[in-house]
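Below: one structure, written as structure tokens.
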Amino acid sequence: MTIIEAKDRFKKATSMIKISRTSVEQNIKCPRCFVLDKKHRIKPFSLPFTLNIAVDELCKNEFDYYRAKAEPHPLFIEHGIDAVPFAHEQLDDWRNWRKGIRTIDEENGINFGGAIDDVWQKSTGELIVADVKATAKKVFDWEKTCAEYDYPKSYQRQLEMYQYLLKKNGFEVAPEAYLVYYNGRKNEPMFNQEIKFDLHLIKVDCDFSWVDQAILDTKKSLEGPMPKSTPTCENCNYLKARWNLSQQNVEDA
């Protein structure tokens, strides 16, 4: 590579808009909140879910144990999954939220990526995306949760974006993905500084054909005028209600 080519490549890389998997999800939920966060650094305060992160790391360690042995996790055998944890030299980068697995769209000037929890490889060579979740419910009923709440759709989109990234990096991807869900038991008679979990493996049938357009829509939100609020956005509705009440108090004073 010549010096001129290297400079041109660097110029292209630095001029690209870096978009994360989380950014696309934010834009789907509420473009206005997404732009306020990414463009203006205005967002509600939140604390990290450190216990969930701990469960996530411990689960990865367990998969890594079987990855090193090139053997299926007992969970795979129990659920009839013909696969082993995928061994790849870049896996640590793919898992790192500062790096992740990425793809470059030079035509549209986009650098898109996300951090994957784990990847499994079927005997056919196809890769299965897996993401670790943790919760603590008295009764874990995934079908009921899907019927009552929207966040399972976000989880599916998350898996599909990871599939998209693997495909863009030249891998064959299985149509199914999995949520490795740990549910903390809340009804144990004694704590003894130990939380026991029930493990649920949830198969998700995926289709990532929507991802290309969603990435372009996210870029469009960043480059265009301030988007309108989404009617279902909890943050926007809270701010509107607070503002209306504040204005009413000013008028009544």
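The condition (being part of a strand (DSSP E or B) and surrounded by 12 or more Cβ atoms within 10 Å (Cβ to Cβ)) is satisfied by just one residue among 216, 239, 222, 201: 201.
Are any of the residues in region 20-41 of a type outside the set (S, T, N, Q), in contact with a strand residue (DSSP E or B) (Cβ under 6 Å, 6 or more places away or on another chain), part of a helix (DSSP H, G or I) and closer than 17 Å to residue 211 by Cα? Yes, region 20-41 contains a residue that is of a type outside the set (S, T, N, Q), in contact with a strand residue (DSSP E or B) (Cβ under 6 Å, 6 or more places away or on another chain), part of a helix (DSSP H, G or I) and closer than 17 Å to residue 211 by Cα.
Against the condition surrounded by 13 or more Cβ atoms within 10 Å (Cβ to Cβ), under 20 Å from residue 52 (Cβ atoms) and β-branched (Val, Ile, Thr), how does residue 139 come out, does it pass? Criteria not met by residue 139. Residues in region 82-108 that are among the small types (Gly, Ala, Ser) and either surrounded by 13 or more Cβ atoms within 10 Å (Cβ to Cβ) or within 18 Å of residue 160 (Cβ to Cβ) (or both): 83, 100. The set of residues in region 106-146 being in a loop (DSSP other than H, G, I, E, B) and touching an Asp or Glu at 6+ places or on another chain (Cβ under 6 Å) consists of 117, 123, 125, 126.
With respect to the conditions (1) surrounded by 14 or more Cβ atoms within 10 Å (Cβ to Cβ); (2) more than 13 Å from the chain's Cα centre (by Cα), residue 155 lacks only one, and its number is (2). Against the definition (closer than 25 Å to residue 129 by Cβ and either at pLDDT 95 or above or not acidic (Asp, Glu) (or both)), how does residue 31 come out, yes or no? In short, no. Being surrounded by 12 or more Cβ atoms within 10 Å (Cβ to Cβ) and touching a residue at least 40 places away in the same chain (Cβ under 8 Å) is a property that residue 125 lacks.
Filtering region 116-136 to residues that are within 16 Å of residue 55 (Cβ to Cβ) and within 13 Å of the chain's Cα centre (by Cα) leaves 117, 118, 130, 131, 132, 133. Number of residues in region 79-105 that are free of Cβ contacts under 8 Å to residues at least 12 places away in the same chain and in a helix (DSSP H, G or I): the value is 2. Only residues that are touching a helix residue (DSSP H, G or I) at 6+ places or on another chain (Cβ under 7 Å) and among the acidic types (Asp, Glu) were counted across region 88-133, and they come to 4.
Go through region 42-62 and count every residue that is assigned to a helix (DSSP H, G or I) and in contact (Cβ under 8 Å) with a residue 60 or more places away in the chain. Qualifying residue count, region 42-62: 6. Of all residue pairs spaced 6 or more apart or on separate chains, none has beta-carbon atoms under 9 Å together with a first member in region 228-253 that is more than 20 Å from residue 43 (Cβ to Cβ) and a second member that is outside any helix (DSSP H, G or I) and modelled with pLDDT under 90.
The values are calculated or read from the model by the stated rules, or taken from the named source; none is laboratory data. Note that the structure is predicted; figures quoted are calculated from it, not measured. As a convention, Cβ positions derive from the backbone with ideal geometry for all residues, glycine included, and neighbour counts pool all protein chains shown.
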